[in-house]
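Peer 1: I have a structure here, written as structure tokens, and I will follow up with some questions on it.
The values are calculated or read from the model by the stated rules, or taken from the named source; none is laboratory data. Because the structure is a prediction, the values reported are computed rather than measured. Neighbour counts are summed over all protein chains in view; Cβ atoms, including those assigned to glycine, are modelled from backbone coordinates with ideal geometry. The protein model used for the area step is the full one, side chains on, heavy atoms only, and it has no ligands, DNA or RNA in it. Shrake-Rupley method; radii C 1.70, N 1.55, O 1.52, S 1.80 Å.
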Amino acid sequence: MPFLTLNGSRFHYHWDDYTEPWRSKSVVLLHHAAGGNLHRWRAWVPTLARHHKVLRFDMRGHAGTDGPSDGNFTLPGLAADITAVLDSLEIDKVHVVGASAGGIVSLQFAHDFPDRTHSLSLVASTPKLARSEEHTSELQSRTNLVCRLLLEKKKKIKTNTHTHTQPDEE
């Protein structure tokens, strides 16, 4: 299992790359949900890694990655962890795919580091999970700002939106 040591913390990560060695490859970062680990994305790897380098790492405090030394998790801190991993692996930009809480962290990363973001895809990550209307509004505003920043920099964003509804309970 490969590990990086960043700012005194150990991060568990995996690289997957099944592409032709002579082809230029972009990097897709798959960011897992809270309570998960990098293996949650395993089923996606064979398809994605044929066309891109695929990077997965355990978020701080999950599976093979150390928790914060002071025990406090912050959204900007988790987003900065992505940058630290990218810097350590000498990666300039990524296509970020985040699931659930990993999507919220990915959104923060795209907001804080737009020059490091090729594109952003959120999977099962919605402001509807917010605690209050005020929090929902804040997340929606942040989403709009990130999209605006990326568009202003003339970056190509692919957006796939899937809405799942459940039948009304009787």
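Peer 1: Run the quick spin-label model on D92 and F3: label points 7 Å from Cα toward the beta carbon, then report their separation in nm to one decimal.
Peer 2: 3.2
Peer 1: With each pseudo-label sitting 7 Å past Cα toward Cβ, what's the R23-D70 distance in nm, one decimal?
Peer 2: 4.5
Peer 1: Between region 84-104 and region 27-56, how many Å separate their Cα centres?
Peer 2: Each part's Cα centre sits 11 Å from the other's.
Peer 1: Which percent of Cα-Cα pairs in region 24-118 sits in each 10 Å bin, short to long?
Peer 2: Binned Cα distances yield the sequence 16, 53, 28, 3, 0.
Peer 1: Which order, highest average first, do 40-51, 89-100 follow once you tally other Cβ atoms within 10 Å for each residue and take the mean per peptide? Mind dumping the intermediate values first?
Peer 2: On the way: 40-51: 14.9, 89-100: 18.9.
Result, highest mean Cβ count within 10 Å first: 89-100, 40-51.
Peer 1: What number comes out for accessible area per residue over region 1-133 if the probe is 1.4 Å? Units Å², please.
Peer 2: Result: 51 Å² per residue.
Peer 1: For A34, list long-range residues whose amide hydrogen, built 1.01 Å from N in the peptide plane, is under 5 Å from its own amide hydrogen.
Peer 2: The answer is A101, G102.
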